Structure formats: C-alpha cells, structure tokens
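Undergrad: Structure provided below as structure tokens; questions to follow.
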C-alpha cells in the first residue's frame, strides 16, 4: 500500500524549547528522525515544518519540508496540511504520521504501522509494544493501550488509551508508540472533529477518533523508540546514538 510519511515539527515546546533543532551529534534531532523514516523505504518522507528554521535544517540535509501554519493546533493538523500541499491529487491513500521527537526510531516501525490497514474496516493504525519494565506500568508519561489481541496474533483492535494502567487483571500491558497510519479519508475527517471529553481528560488526541466511532487497530512490535520531551531525555538519546 503506497504511503506518504509526514513528520510534523514546530519549535514551540514547554519542557524543551526548540526541541526539533536540538543537536544530537552531527545533526539536529529532526534530521535524525527524517533519516530513519527514509530508511524505512515505506514511501516518500516529508517534514511538516511549523517554522522556517526547521525547514532549512531538513533541506540542508537533502530532504523535503513543507511550511505549515504555526498556529495549527496539533501534529495531525500539520500532517494533513502538508499532505494536501504535497499530494493535492490524492495519489497516496495512506498518510503516516511519525512524531518528530523519536530520534532512536527503528525504521521497521514505520512500515509496521501500516499493516493493520490491510483490514478495510480499520480507519487508523498504530503500533504498540509489550511493557517489560516494571517502572513503566505506573508512569503517566507512558501511554498504555487497551488492545484486544488474540493469542499469537500481531494485530488487534485498539479499544482505549490511557496514561493510567489499563486494563485491570492479569496479562500483558502495552506501551503505545506515537506513530499513526491514517487512511486519507480518515485523516481528512479527523482534523474536522472538535476535541472530545475523554481526549481532554486524558490529554490524548487519539481518543477523539475513538469517541467519534472511528476504528483503530495496532500492530505489536518489539522495540520502543525513545521519545524526547525533557533535557534528560535528550542526553539519553545522545548516549543511545553514540554521541554522549
């Protein structure tokens, strides 16, 4: 299934200002994410840049960036705007949203995010990994997915997401990874929807889709990229990539 991969990025951030341009070794963080998305060979990769300096960093690295309105309220809105500008004819039916703060992203995750869309009833696909670290279970920074996964299956319906530990009872728990593969029509619909009750309560944008009856499914993977939100995360990313 041909996909267009879009990485949204803007400089405004509360915990780590100018995060996309934070240097990790030889390049800004956003360039590391772009390089890894390209290595996935899942389709063309563009950066939806909310600021000219981000676009300049990507073009200097040999990539393509599309400037988007910095006032857009979310990464999904930036992804939609960039996809429509890059592909107004709708050649690409699948749009993959790769967060710009995942510099340790394994390229295989980009392709994995598309696999649940083999089911035509699925509107939005994503990826999860089993939680293996005890400290992640009660860490509110780790988003958990309630996934209906049959024994031996690698893909299952995503029923809910929370910062708290879900579901209750014995069994595996799943760490949600912030990569989304949208059908083009689903993305167009999603960005027209207003924020919803549970989305605002949990501070999780993906709940807007579920609250409006859109179907989500997740692919199970075995690697979790580091999301960079704080200076400590940035130091850890540098070390993981051999620059610390």
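The values are calculated or read from the model by the stated rules, or taken from the named source; none is laboratory data. Since this is a predicted model, take the numbers as computed values, not measurements. In this analysis, Cβ positions are derived from the backbone assuming ideal geometry, glycine residues included, and neighbour counts consider all displayed protein chains.
Undergrad: If we keep just the residues of the range 132-149 that are within 27 Å of residue 95 (Cα to Cα) and out of contact with any helix residue (DSSP H, G or I) (no Cβ under 7 Å at 6 or more places or on another chain), which is surrounded by the fewest Cβ atoms within 10 Å (Cβ to Cβ)?
TA: Let us first name the residues in the range 132-149 that are within 27 Å of residue 95 (Cα to Cα), namely 141-149.
Then keep just the ones that are out of contact with any helix residue (DSSP H, G or I) (no Cβ under 7 Å at 6 or more places or on another chain); that gives 141, 143-149.
Details: 141: 10, 143: 21, 144: 23, 145: 25, 146: 15, 147: 27, 148: 12, 149: 20.
Residue satisfying both the conditions and the ranking: 141.
Undergrad: Scan the range 51-74 residue by residue and report those that are in contact (Cβ under 8 Å) with a residue 40 or more places away in the chain and more than 15 Å from residue 4 (Cβ to Cβ).
TA: Step one: of the range 51-74, the residues in contact (Cβ under 8 Å) with a residue 40 or more places away in the chain are 51, 53-54, 68, 70, 74.
Residues satisfying the conditions are 51, 53, 54, 70, 74.
Undergrad: Please specify each residue of the range 197-231 satisfying the condition of being in a helix (DSSP H, G or I) and under 18 Å from residue 122 (Cβ atoms). Let's see the steps before the verdict.
TA: From the range 197-231, those in a helix (DSSP H, G or I) are 197-202, 206-211, 231; that's our starting set.
The answer is 206, 207, 208, 209, 210, 211.
Undergrad: Please go through (1) within 27 Å of residue 19 (Cβ to Cβ); (2) modelled with pLDDT of 95 or more; (3) not assigned by TED's automatic domain parsing to the domain that holds residue 3 for residue 63 and return the number of the only condition it doesn't satisfy.
TA: For residue 63, the exception is condition (3).
Undergrad: Residues of the range 26-40 being assigned to a loop (DSSP other than H, G, I, E, B) and either in contact with a helix residue (DSSP H, G or I) (Cβ under 6 Å, 6 or more places away or on another chain) or at pLDDT 95 or above (or both), which ones? Before the answer, list the steps.
TA: Applying the first criterion (assigned to a loop (DSSP other than H, G, I, E, B)) to the range 26-40 yields 26, 40.
The one that is assigned to a loop (DSSP other than H, G, I, E, B) and either in contact with a helix residue (DSSP H, G or I) (Cβ under 6 Å, 6 or more places away or on another chain) or at pLDDT 95 or above (or both): 40.
Undergrad: Picking from 105, 67, 109, which residue would you name as being surrounded by 14 or more Cβ atoms within 10 Å (Cβ to Cβ), over 18 Å from the mean Cα position of the chain (by Cα) and at negative phi?
TA: Numbers: 105 fails: over 18 Å from the mean Cα position of the chain (by Cα); 109 fails: over 18 Å from the mean Cα position of the chain (by Cα).
It is 67.
Undergrad: Name, by its number, the condition in (1) touching a residue at least 12 places away in the same chain (Cβ under 8 Å); (2) part of a helix (DSSP H, G or I) that does not hold for residue 149.
TA: (2)
Undergrad: With the structure loaded, tell me whether residue 208 is touching a strand residue (DSSP E or B) at 6+ places or on another chain (Cβ under 9 Å) and not assigned by TED's automatic domain parsing to the domain that holds residue 15 or whether it fails that test.
TA: Numbers: touching a strand residue (DSSP E or B) at 6+ places or on another chain (Cβ under 9 Å): no; not assigned by TED's automatic domain parsing to the domain that holds residue 15: yes.
No: the conditions fail for residue 208.
A quick yes/no check of all residues on (1) under 19 Å from residue 35 (Cα atoms); (2) modelled with pLDDT of 95 or more; (3) assigned by TED's automatic domain parsing to the domain that holds residue 10:
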residue: 111; (1), (2), (3): yes, no, no
residue: 115; (1), (2), (3): no, yes, no
residue: 118; (1), (2), (3): no, yes, no
residue: 123; (1), (2), (3): no, yes, no
residue: 128; (1), (2), (3): no, yes, no
residue: 133; (1), (2), (3): no, no, no
residue: 140; (1), (2), (3): no, no, no
residue: 143; (1), (2), (3): no, yes, no
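Undergrad: Would you check which residues across the range 16-26 are within 15 Å of residue 56 (Cβ to Cβ) and either surrounded by fewer than 17 Cβ atoms within 10 Å (Cβ to Cβ) or outside the structural domain of residue 46 (by TED's automatic domain parsing) (or both) and list them?
TA: The answer is 18, 23.
Undergrad: Counting only residues that are out of contact with any strand residue (DSSP E or B) (no Cβ under 8 Å at 6 or more places or on another chain) and either in a loop (DSSP other than H, G, I, E, B) or buried (at least 19 other Cβ atoms within 10 Å of the Cβ) (or both), how many does the range 187-196 have? Show your work before the answer.
TA: Filtering the range 187-196 down to residues out of contact with any strand residue (DSSP E or B) (no Cβ under 8 Å at 6 or more places or on another chain) leaves 188-189, 191-196.
Cutting the leftovers down to either in a loop (DSSP other than H, G, I, E, B) or buried (at least 19 other Cβ atoms within 10 Å of the Cβ) (or both) gives us 191-196.
Number of matching residues: 6.
Undergrad: Then there is this: Can we say residue 207 is within 15 Å of the chain's Cα centre (by Cα) and surrounded by 21 or more Cβ atoms within 10 Å (Cβ to Cβ)?
TA: Details: within 15 Å of the chain's Cα centre (by Cα): yes; surrounded by 21 or more Cβ atoms within 10 Å (Cβ to Cβ): yes.
The answer is yes for residue 207.
Undergrad: Could you check, for the range 66-82, whether at least one of its residues is assigned to a helix (DSSP H, G or I), over 24 Å from residue 183 (Cβ atoms) and outside the structural domain of residue 112 (by TED's automatic domain parsing)?
TA: No: the range 66-82 contains no residue that is assigned to a helix (DSSP H, G or I), over 24 Å from residue 183 (Cβ atoms) and outside the structural domain of residue 112 (by TED's automatic domain parsing).
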